[in-house]
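Okay, structure first, notes after.
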Amino acid sequence: MAWCAALTACSSSSGIDEDTPLDEPHATVSMLPTQEPIQLTNEQRMFANNNNLFTLRFLNKVNQTDRSGKSFVYSPLSITYVLGMVNDAAEGTTREQLENVLGFTSGGIEAVNNYCKKLIEGLPKVDNTVQLDIANAIFVNKEYTLMPQFQQHMHDYYAAKAESYDFASPATLGIINDWCNEKSHGMIPTILDDINPNMMSYLLNAIYFKANWASKFDEKYTRNETFTTPDGETQLPMMHQKVLILYAQNDIYSAVQIPYGNGNWTMTILLPHEEKTIGDVVSSLLAEKNSSTTQSIPAFAMPRTYEVDLKLPRFETKSDTDALPGKLDGVLKQMGITEAFDPDFANIPNMCDRSVYINMIRQKAAIKVNEEGSEAAAVTVVGMMTTSMSAPVVPPKATFHANRPFVYTISESSSGVLLFVGRFTGKE
């Protein structure tokens with residue numbers, strides 16, 4: 001049976017009388033995953049675990065910083081890739097800060113590059129029913145020259161080709177934004193508002209994800225229902241289905257994992273109990289993750305299969321780190337990356353024929369969740385400036401109605417890598 005989803009509006013335009021009772025899903029669909037793992041070394045698994053901790057810290061920091069009450073979505077993995085590119089050219093304390101915050105402590109440049117290469121090449125191949133595109137690019141001001149070794153590393157590890165352009169020409173802005181639009185499949189039409197003619201280079205990463213649920217929601221079960229936002233109650237289209245999926249709960253939240261494709265990719269929904277908040281959930285995740293050596297979301301260290309009466313809103317969210325107080329560089333500085341942004345202290349000598357620092361960093365991201373599945377994209381840009389399992393026969397049952405603000409992630413199960421994180425509040 002297909003998943004329950006899309007909004008069936010009770011209006012004259014829909015042709016359905018609002019007093020007419022709608023069918024309820026009755027059959028239970030098995031959505032238990034099958035695995036085709038990525039082969040990571042022990043060091044790379046440690047990197048994945050620690051980088052997921054960076055992701056949760058980033059989620060916590062943004063949740064604390066963004067007081068708008070609006071929904072957001074970001075890809076810390078996209079940030080990892082562009083800062084991994086910067087890390088390749090960094091030395092001393094600057095490199096230590098980058099690697100420590102990203103979760104690559106004592107790894108070294110080659111190990112970080114190899115890890116990024118493994119994910120860039122491996123993640124898109126995990127499930128041929130899921131579309132995952134990862135792209136990197138370097139746009140260089142024609143007035144500057146990249147170091148040959150840096151160019152080679154970018155090609156070998158990040159599949160990034162460096163191309164020179166006239167940063168004083170208005171056409172260059174269009175070229176960069178066209179790349180962004182193409183690699184995000186139109187979800188992120190632009191990443192830059194203008195080009196700084198004094199910028200040495202722009203390093204970009206784009207991630208695009210599109211996948212159908214392992215079993216789709218059926219639109220005929222979707223209806224407008226009450227969703228409690230930070231500002232009060234509203235009506236949202238709630239998708240509905242009974243499914244066999246992994247379920248867990250603790251004193252702070254309950255959680256489900258909804259698989260895509262063949263089950264290697266999943267969306268995890270973490271719903272605070274009614275007296276708890278998203279902040280409580282994220283704090284709990286961090287506490288659990290800090291005491292855990294596993295790569296998985298902590299609540300699923302000991303998962304159980306449940307027959308879940310599942311309701312999930314259909315939604316779309318767009319985010320821009322430039323809307324955050326202090327922007328993205330402010331968030332990363334609070335997390336411990338400070339030298340790379342300081343023209344007086346940045347130690348990044350191996351990128352260009354002159355010393356450079358990070359002058360700007362920005363990410364735009366978007367997600368669509370509906371009856372079919374999910375589509376998400378993120379583009380991150382860094383501007384470099386020179387310095388002068390099996391189901392039980394009779395599973396237990398649970399109710400999971402995501403009718404209030406919640407946290408969600410999209411992750412790959414065999415590597416444990418978190419691709420996107422977000423909060424949905426019903427307020428866009």
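The values are calculated or read from the model by the stated rules, or taken from the named source; none is laboratory data. Computed from a predicted structure; not experimentally measured. In this analysis, Cβ positions are derived from the backbone assuming ideal geometry, glycine residues included, and neighbour counts consider all displayed protein chains. For accessibility, only protein heavy atoms count, side chains too; no ligands or nucleic acids. Shrake-Rupley method; radii C 1.70, N 1.55, O 1.52, S 1.80 Å.
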Under the 0.36 nm per residue contour assumption, what length would be gained going from the current alpha-carbon distance of ASN128 and ASP322 to full extension?
66.4 nm
J(HN,Hα) series, the range 341-350, from Karplus relation 6.51 cos²θ - 1.76 cosθ + 1.60, nearest Hz, glycine and proline x
9, 9, x, 8, 10, 4, 10, 10, x, 10
Taking a probe of 1.4 Å and leaving out DNA, RNA and ligands, the range 146-227 shows per residue an accessible area in Å² of 44 Å²
At 0.36 nm per residue, and after removing the present C-alpha to C-alpha distance, how many nm does the segment from GLU143 to LYS276 gain when stretched out fully?
42.4 nm
The alpha-carbon pair-distance distribution computed for the chain, with 10 angstrom bins and whole-percent values, is 5, 22, 31, 24, 12, 5, 1, 0
For the range 46-117, accessible area per residue (1.4 Å probe, heavy atoms of protein chains only), Å²:
27 Å²
By how many nm would the segment from ASP194 to ASP342 lengthen if fully extended, with 0.36 nm per residue of separation less the alpha-carbon distance?
51.1 nm
Sites matching trypsin sites (Lys or Arg not before Pro) across the range 32-136 that sit in DSSP coil, with at most 13 neighbouring C-beta atoms within 10 Å:
ARG67
Pairs beyond 30 Å (Cα-Cα), from LYS210/LYS333; LYS70/LYS161; LYS118/LYS183; LYS117/LYS327; LYS364/LYS397:
LYS210/LYS333; LYS70/LYS161; LYS364/LYS397
What trypsin sites (Lys or Arg not before Pro) in the range 132-184 are in a loop by DSSP, with at most 15 other Cβ atoms within 10 Å of the Cβ?
LYS142, LYS161
Leaving out ligands, DNA and RNA, what percent of the accessible area of the chain is carbon and sulfur, probe 1.4 Å?
46 percent
Under the rule of -39500 (n - 2.57) per DSSP H run of 4 or more residues, summed and divided by the residues of the chain, what mean residue ellipticity at 222 nm is obtained, to the nearest 500 deg cm²/dmol?
-8500 deg cm²/dmol
Run the simple label-point estimate for ASN42 and LYS117 please: 7 Å along Cα→C-beta, distance reported in nm.
2.2 nm
